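Each remark here refers to the structure printed beneath this line.
Values in this text are rule-based calculations from the coordinates and carry no lab data. Remember, it's a predicted structure, so these values are computed and weren't measured experimentally. Cβ: placed from backbone, ideal geometry, glycine included. Neighbour counts: every protein chain shown.
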Amino acid sequence: MALDRTRTLRGALAGAAAAAVWAAQQPLDQRVFGVDYDDVELLGRFVTNGRAAYPLGLALHVANGAVFGALYANAGRALPVPGVLRGPLAGLAEHLATWPGTAALSRFHPAADDLPQLWGSGAAFAQATWRHLLFGTVLGELERRLNPPDSEPSPIDPAAAASNGHGHAEYVVSLN
């Protein structure tokens, strides 16, 4: 499949925006689900500890969203489901594919002692499901709006082309 650079860039933009929405709403879902789990912090603390962890984690989170969005923009239309479901299903598929990795966080993450236990927590799974559903919904809708469906240009109607909106030229010519 050949990649369309414009479609890819627009998909990346949609994915970055969807990841930013995810990050912005995390304080709310932490209250709703009762799990003090922050994906931005998790990513940032993989790389560093201290004040730079959150901004760096946010940059990584948005970049991950952009990569996912770019891939989705090129492959999403091949999914045999209605367009409105493509984004949410892609987000949920990513969630289900990556969630088992949370089992390894307690062994491999540099800040594992400071992170909540995710693997085995139903509330954390529900919270992550919500986040991926939100991400996929925002991604799907933004990508759909930024990359309208491919369509052949319709032929120009000769009658419409003959008129400039103020009548037909034949009529003006016949007045003389």
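Beta carbons within 10 angstrom, averaged per residue: use that to sort the peptides 82-89, 9-16, 70-77, highest first.
9-16, 70-77, 82-89
Between region 52-78 and region 5-45, what is the separation of their alpha carbon centroids in Å?
Cα centres, region 52-78 to region 5-45: 9 Å.
Taking K and R as +1 and D and E as -1, what net charge do the other residues with C-beta under 9 Å from the C-beta of N74 add up to?
Net local charge, N74 excluded: +1.
Let me have the relative contact order for region 5-149, percent, based on Cα pairs under 8 Å that are six or more residues apart.
38 percent.
Got a sec to turn the phi values of region 57-74 into Karplus ³J(HN,Hα) couplings, 6.51 cos²θ - 1.76 cosθ + 1.60 with θ = phi - 60°, whole Hz, x for Gly and Pro?
Working through the residues one at a time gives x, 5, 4, 5, 5, 5, 5, 4, x, 5, 5, 4, x, 5, 5, 4, 4, 8 Hz.
Cα convex hull of region 17-153: mean projected area in nm², to one decimal?
In nm², the orientation-averaged hull projection of region 17-153 is 8.9.
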